[in-house]
Amino acid sequence: MTRRLCARFDECRAAQRAALVTFVTAGDPDHATSLALVKALPEAGADVIELGMPFTDPMADGPAIQASGLRALKKGETLDRTLALVREFRKQDRATPIILMGYYNPIFIHGVGRFLDEAKAAGVDGLIVVDLPPEEDDELCLPALKAGLAFIRLATPTTDDKRLPKVLGNTAGFVYYVSITGITGAATPDFGAVAAAVSRIKRHTRLPVAVGFGVKTPEHAAEVAKAADAVVIGSSLVEAVRTSLDAQGNATPGTVGAVTSLVRNLAKGVASVRKAA
Amino acid sequence: MSVVTKPNSFRSGPDERGRFGPFGGRFVAETLMPLVLDLERAYADAKADPDFRAEMDRFLAHYVGRPSPLYFAERLTAHLGGAKIYLKREELNHTGSHKVNNVLGQILLARRMGKTRIIAETGAGQHGVATATLCARFGLECVVYMGAVDVERQKPNVIRMHMLGAEVVPVQSGSRTLKDALNEALRDWVTNVADTFYCIGTVAGPHPYPMMVRDFQCVIGDEVRAQMREAEGRLPDSLIACIGGGSNAMGLFHPFLDEPEVVIYGVEAAGHGISTGLHAASLTGGRPGVLHGNRTYLLMNGDGQINEAHSISAGLDYPGIGPEHAWLHDAGRVTYLSATDEEALAAFQLLSKLEGIIPALEAAHALARVIDIAPKLPRDHLMVVSLSGRGDKDVPQVAEILEKRTS
């Protein structure tokens, strides 16, 4: 079930570098531009695409991703259209893993069974649903695993050794370590503490460990790449979308390029760290 | 979802997963999960400790001023010509509403847990004022998140919070009301996990909040039971309370849930009217979903995006409701009604003129339904209305609305 994810992490390991996971919000700044952007990400250096499903009340996200989701909703993005975006992307790219990231309510309202069927058929590889801790696994995690989709769990600085096995239990694909206590795009993490946390998690699992939250620049990405198997960048990419827009908040000819040039630099930062194969 | 089997008791919830039937739960980010579990343990520990109870009782009596009176509203009763109406005077509590009952419990718990910084969300500002008050009393740092729209329409409470030494953060995101204040408080909590205690103001949020807040508010219903026995020698026949998140209602209702002869009404805010879509009545006009840590009835669009609520009353302006209410609704134990802005305004003026009591706009929603239910009932029917807060904070807003009409 995690075929595409496993293959991609294997490739990166063989190339002796960490993977770059890029987050953008589906439908931001509008559906067509968002599709063009997602299509352009792999060539720019994204190894895994994390696609945000916009939600009105993203409780774990900072201002950048909140604003990005609201832009998408304003332009009429829905869960159906997000799945359609993945289907379109899959017509040109069968290899790059796509992870849908979001909050539970839109999925719950869509219907869990229907959502999983459609996501799987569209070519989604995994899910990150922020407000579903292991205590609520029977809601979506277990059905997702059964449907052949990876359920990627967040581990955080508050997840102690006693709790880690519970968090890692039904996790598949990779583990996402949240580098700070806080919201996306907030404080810059303490890279020493991140390295220690990654080794702590690796004592409990053989899954690749990705690190995100607060990672903004190619230099940050390189620091994280020293310790982690993958680096997740989100807020700075959606900020690049925002700053490329015109005064009315519409996409400009520079929107896709603004993001891909940033991704190219981040990919260089990640690749600058040579890792053991 | 709405299939709820009739339980042996309506007072046994929640289960160990924090569920009331299908509602409730712990839908929070992993960062918060260990904190929520910690809180659950600390609360269980405090609940079993007689010293905690004794300290609560001491402060409830001497600082809050409990018990609050159960007052026979003689002129309102005569005016409506039906049921005998008693008002549970929560508006006489220190800080002017029922909110202080819960805040006292949570602040004493925060102290036990060694937390030094308190955060809270507030709509009308009543919970914010109660939190700021107890933080001042115990020397704790206090940050209150309040939607920017509410900061504007509930200015007197913002000024009070400042005087009590709290920081009030106007929330500019989303609809800039209570729901967004909750989002922002959760974002603060996820960031400041070590020293911060999140003092939630209503019977919502992740388990154990709905249970814990209910327990702290049950003092309302427990007192009513004893006071009604003293006044009339029996149980009341009906109870009625307004509902935003539903904490004053749950506190009044819970001790009576297993008394089948007691009829119970909750009143949601119908804003401009349910049919306009501009309202805050999640049970009447919403459906089950997941937000702010729990599954409950929510106002949302067909794609699961949360709609903005609309109510004249900032305290009811929330697109959700406590999960225990959602369960009691589906189980049919409590009847949920609604009242519009106009009906609440009329009730606000009626109580002021007949009884010399200016009610909060929130409580005026319950009174609005009393106005049409009471006249149809016999004179020996005993009805208890929760007067959850006083209307001082609403005086400028109501004056402005009424002035516009006469000019």
Problem set entry | Ellipsoid equivalent to segment B:1-92 - semi-axes via the Cα gyration tensor, in Å | 36, 25, 13
For this session: Determine the shielding of peptide A:158-171 by partner chains: average, over its residues, the number of Cβ atoms on other chains within 10 angstrom of each Cβ.
Result: 2
Problem set entry | GNM flexibility winner over chain A from A:His220, A:His110, A:His31 (Cα, springs under 10 Å) | A:His110
For this session: Could you run the Debye sum over the Cα atoms of segment A:3-271, one equal point scatterer each and no solvent, and tell me log10 of I(q)/I(0) at q = 0.13 Å⁻¹, two decimals?
Result: -0.78
Exercise. Which listed residue (A:Met59, A:Ala7, A:Ala26) has the Cα farthest towards the positive end of the charge dipole for the protein assembly as shown, taking +1 on Lys and Arg C-beta and -1 on Asp and Glu C-beta about the Cα centre?
Worked result: A:Ala7
Exercise. Around B:Ala360, which amide H atoms from residues at least 5 apart in sequence, or from another chain, sit under 5 Å from its own amide H, with H modelled in the peptide plane?
Worked result: B:Gly389, B:Arg390, B:Gly391
Seminar exercise, completed: Computed from every Cα-Cα pair in segment B:169-257, P(r) in 5 Å bins starting at 0 and rounded to whole percents is 3, 13, 18, 18, 15, 12, 9, 6, 5, 3, 0
Seminar exercise, completed: Set B:Lys155/B:Lys404; B:Lys6/B:Lys376; A:Lys166/A:Lys275; A:Lys91/A:Lys120, cut-off 23 Å on Cα-Cα distance; pairs above it are B:Lys6/B:Lys376; A:Lys166/A:Lys275
For this session: Just check segment B:229-382 against the gyration tensor rule for me: Cα atoms, a ≥ b ≥ c as the square roots of the eigenvalues, rounded for a/c under 1.5, and otherwise prolate or oblate depending on whether a/b exceeds b/c.
Result: oblate
For this session: Please find, in a Gaussian network model of chain B (springs between Cα atoms separated by less than 10 Å), the residue of B:Gly289, B:Gly302, B:Gly165 whose mean-square fluctuation is greatest.
Result: B:Gly302
Seminar exercise, completed: Square roots of five times the C-alpha gyration tensor eigenvalues of the protein assembly as shown, ordered largest first and given in whole Å, equal 48, 25, 23
For this session: Rank the residues B:His79, B:His62, B:His98 as a footprinting-exposure proxy: fewest other Cβ atoms within 10 Å of their Cβ go first.
Result: B:His62, B:His79, B:His98
For this session: Find which of B:Ala181, B:Gly165, B:Val151 sits farthest along the positive direction of the dipole of segment B:64-190, computed with +1 on the beta-carbon of Lys and Arg, -1 on that of Asp and Glu, about the Cα centre.
Result: B:Gly165
Problem set entry | Calculated log₁₀ intensity ratio I(q)/I(0) where the Debye formula runs over C-alpha points of segment B:226-305, q = 0.24 Å⁻¹ | -1.15
For this session: Post the alpha-carbon centroid distance, segment A:206-253 to segment B:104-141, in whole angstrom.
Result: 37 Å
Exercise. Over segment A:8-135, what lengths in whole Å, largest first, do the semi-axes of the equivalent ellipsoid take, defined as the square roots of 5 times the eigenvalues of the alpha-carbon gyration tensor?
Worked result: 23, 17, 16
Exercise. With +1 on each Lys and Arg Cβ and -1 on each Asp and Glu Cβ, how big is the dipole of segment B:1-131 about its Cα centre, in debye rounded to the nearest 20?
Worked result: 260 debye
For this session: Would you mind computing Rg(Cα) / (2.2 N^0.38 Å) for segment B:28-182, counting N as its residues?
Result: 1.20
Exercise. Based on the Kirkwood radius over alpha-carbon pairs, what value in µm²/s does the Stokes-Einstein equation return for the translational diffusion coefficient of chain B at 20 °C and 1.002 mPa s?
Worked result: 103 µm²/s
For this session: Choose one of B:Leu345, B:Val384, B:Ala364: the residue whose Cα lies farthest towards the positive end of the charge dipole of segment B:277-397 (beta-carbon charges +1 Lys, Arg; -1 Asp, Glu; about the Cα centre).
Result: B:Val384
Problem set entry | segment A:113-196, Cα convex hull volume normalised per residue, Å³ | 108 Å³
Problem set entry | Percent RCO, i.e. relative contact order, over segment A:3-271, from Cα pairs under 8 Å lying at least 6 residues apart | 23 percent
Seminar exercise, completed: For segment B:168-218, Rg(Cα) over 2.2 N^0.38 Å is 1.24
Problem set entry | Whole-angstrom gap from segment B:72-98 to segment B:231-253, using each part's C-alpha centre | 12 Å
Exercise. If the viscosity is 0.692 mPa s and the temperature 37 °C, what Stokes-Einstein diffusion coefficient in µm²/s follows for segment B:138-184 when Rh is the Kirkwood radius over Cα pairs?
Worked result: 306 µm²/s
For this session: Taking the Cα centre of segment A:3-271 as origin, sum charge times position over the Cβ atoms of Lys and Arg (+1) and Asp and Glu (-1), and report the length of that vector in debye to the nearest 20.
Result: 720 debye
Exercise. Got the relative contact order for chain B handy, in percent, Cα pairs under 8 Å and 6 or more residues apart?
Worked result: 21 percent
Problem set entry | Value at 222 nm in deg cm²/dmol, rounded to 500, when DSSP H runs of n ≥ 4 in the protein assembly as shown each add -39,500 (n - 2.57) | -13500 deg cm²/dmol
For this session: Calculate the dipole size of segment A:96-240 relative to its Cα centre from +1 charges on Lys and Arg beta carbons and -1 charges on Asp and Glu beta carbons; express the result in debye to the nearest 20.
Result: 440 debye
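Every number here is computed from the coordinates shown, using simple stated rules; none is lab data. All values derive from a computational prediction rather than experimental measurement. Positions of Cβ are backbone-derived with ideal geometry, glycine not excepted, and every protein chain shown enters the neighbour counts.
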